[in-house]
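Have a look at the structure below, then the notes.
Bear in mind that the values in this text are calculations on the coordinates, not laboratory data. Remember, predicted model here, so these are calculated numbers, not experimental data. Here the Cβ positions follow ideal geometry from the backbone for every residue, glycine too, while neighbour counts run over all protein chains shown.
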Amino acid sequence: MKKVSVVTMGCSKNLVDSEVILGIVKGEKYEITENAYDSDIIIVNTCGFIEAAKEESIDAILEATALKNKGKVEKVIVAGCLSGRYKAELQKEIPEVDIFLGPQDYKGIQDYLDLPERPFYKRILTTPSHFAYLKISEGCSNPCTFCAIPKMRGNHISKPMEEVIVEAEFLASQGVKEIILIAQDSTMYGLDLYGKMILPDLIKNLDKVHGIEWFRTMYTYPAFYTDEVTLAIAESEKFTKYIDFPLQHVNDRILKLMQRNITKDEIHKKITKMRSVMPELTLRTTVITGFPTETEDEFLEMLDFIEEQKFERLGAFAYSIEDKTKAGKMKEQISDELKEERRSRVMELQTEISFAKNVAMIGKEFKVLIDSFDAQSQNYVGRTFRDAPEIDNEVFFTGKNLKVGEFYEVKINDATEFDLYGEVVQAKIFT
Ligand code: SF4
């Protein structure tokens, strides 16, 4: 059997695409290997989100074609966002690649490798077996002026509700305990298929999936975020009281230039409602510093808002010029130094906020899902409901003979800016 490896660049949405590709490829004709150097066919699933990601993807393609040039690999297939967007240019620059395919062109891979059809939900997980991402829609139809995603991934297309449920049930049957719903904009879920946004209905239906202990929803677009979403999460048994609410900015002039379809006042009202309905809420956001024309005062307005709202989790990104976007064409671009300096100031403030919040958790007990065991420190590493994998905080704790992928009650004894430390206080609490 020929060996196939998949190299994944970029975000969790791309990771899910790679898992689908692995599920399609694995079978009688091909086996999967994690080692690109040991494979006959390399599939590079590229990212085209920001400049740095594009460069990384091109490096990965060049590494694969170098192996082909040395005769160590037979074929190189390039898929994903970068490939979809710059196919013609890439074909010209890197002719050693056998075929370029766009994002989610699973049919293209099936045809090229002459594979039988398989249900796409039967993907092969590359995350630890106790958590998985579930993509509820593809693409994005929002007009944010800084973002090139709609050009790469196309308009928003929802996955039918019954398919989302089947996929969640399949993941539960594989031993998954936590499912993270992802999309470019999860609040828009259903609009194209059912004529209205029905994320609250999806939350209610997923809540019934047996075997899943935690769901969490990422990427709720603030302009379309409604009180119904808040209530559905608040009333749900399994959806963690965790909302990812990517603001990008709060100054009205910048929000307008970004075409975010929301004002600071509306943002304020939505957050106030969420916090009043769910006092235990963990609110995550992301902000962009140095958007074209951003003044010092407008930046300070955002900094004040962060100070006032004290988001539990926050990521800050320096604005990156994206090809063929409205913001990329604006004349008054901010220098890289200033964008970065403002980003550092946001993160300095967030570090203080996060530290104070973590210290307040000392002495309390939390349900923690173990992600791994760190042999060097002899600590288990896990997360509370407040933390999504990869991007949020971790809990390091001691205990004996505990199992990765299980939930335990942990008492917090110490805290740093972004991590907690503790000890297990109760044997396994969930199987
Ligand atoms: S909602 Fe997100 S993915 Fe869609 S255009 Fe805006 S930033 Fe890009």
For the stretch 226-254 versus the stretch 389-427, the gap between their alpha-carbon centres in whole angstrom: 26 Å
In percent, what relative contact order does the chain have, based on Cα pairs under 8 Å that are 6 or more apart in sequence? 10 percent
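Pulled fully out, how much extra length does the chain show between Lys326 and Phe373, if you take 0.36 nm times their separation in residues and subtract their Cα-Cα distance? Could the numbers behind the result be given before it?
On the way: separation 47, 0.36 × 47 = 16.92 nm, distance 4.62 nm.
So the extension gain works out to 12.3 nm.
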Around Phe215, which amide H atoms from residues at least 5 apart in sequence, or from another chain, sit under 5 Å from its own amide H, with H modelled in the peptide plane? Ile179, Phe239, Thr240
Are there any helices in the chain, counted as whole DSSP H runs, that stretch 15 Å or more along their axis by Cα and score at least -0.5 on average by Kyte-Doolittle, and if so which? 12-25, 51-69, 161-173
Write down the percent of antiparallel bridges among all DSSP beta bridges whose residues are both part of the chain, to the nearest 5. 35 percent
Report, in deg cm²/dmol and to the nearest 500, the calculated mean residue ellipticity at 222 nm for the chain, where each DSSP H run with n ≥ 4 adds -39500 (n - 2.57) and the sum is divided by the residue count. -10500 deg cm²/dmol
Listed by chain and number, the residues whose amide H is under 5 Å from that of Leu314, excluding neighbours fewer than 5 places away on the same chain and using placed H, are Thr285
In the neighbourhood of Glu280 defined by beta carbon distances under 11 Å, the net charge of the other residues (Lys, Arg +1; Asp, Glu -1) is +2
Between Lys2 and Glu117, take the C-beta separation as r, use R0 = 25 Å, and let me know the FRET efficiency to the nearest 0.05. 0.80
Restricting to Cα pairs below 8 Å that are 6+ residues apart, what does the relative contact order work out to for the stretch 365-430? Please round to a whole percent. 32 percent
Violating pairs (Cα-Cα greater than 24 angstrom) within the set Lys135/Lys329; Lys270/Lys310; Lys87/Lys151; Lys2/Lys107; Lys54/Lys241; Lys310/Lys364: Lys135/Lys329; Lys54/Lys241
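May I ask you to list the trypsin sites (Lys or Arg not before Pro) in the stretch 115-203 that are in a DSSP loop and have at most 12 other Cβ atoms within 10 Å of their Cβ? Display every interim value, and only then the final one.
On the way: sites: Lys122, Arg123, Lys135, Lys151, Arg153, Lys177, Lys196; in loops: Lys122, Arg123, Lys177, Lys196.
Those that pass, being in a loop and sparsely packed, are Lys196.
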For the stretch 2-39 and the stretch 125-197, distance of Cα centres in Å: 20 Å
Inter-centroid distance (Cα atoms) of the stretch 51-98 relative to the stretch 295-337, Å: 32 Å
In order through the stretch 414-423: 3J(HN,Hα) via Karplus (6.51 cos²θ - 1.76 cosθ + 1.60), integer Hz, x for Gly, Pro: 7, 8, 10, 4, 10, 9, 10, 10, x, 9
³J(HN,Hα) across the stretch 97-110 via Karplus (A = 6.51, B = -1.76, C = 1.60, θ = phi - 60°), whole Hz, x for Gly/Pro? 5, 6, 8, 10, 10, x, x, 6, 8, 5, 4, x, 5, 4
FRET efficiency (Ala356, Lys107; Cβ distance; R0 51 Å; to 0.05) is 0.50
Calculate the FRET efficiency for Gln91 and Asp38 from the Cβ-Cβ distance with a Förster distance of 30 Å, rounded to the nearest 0.05. 0.65
Once label points are set 7 Å from the Cα along Cα→Cβ at both Thr295 and Asp265, what is their separation, rounded to one decimal in nm? 2.0 nm
Give me the one-decimal nm value for the distance between modelled label points at Leu338 and Asn69, 7 Å along each residue's Cα-to-Cβ direction. 4.2 nm
Value of relative contact order over the stretch 2-112, rounded to a whole percent, pairs C-alpha under 8 Å and six or more apart: 26 percent
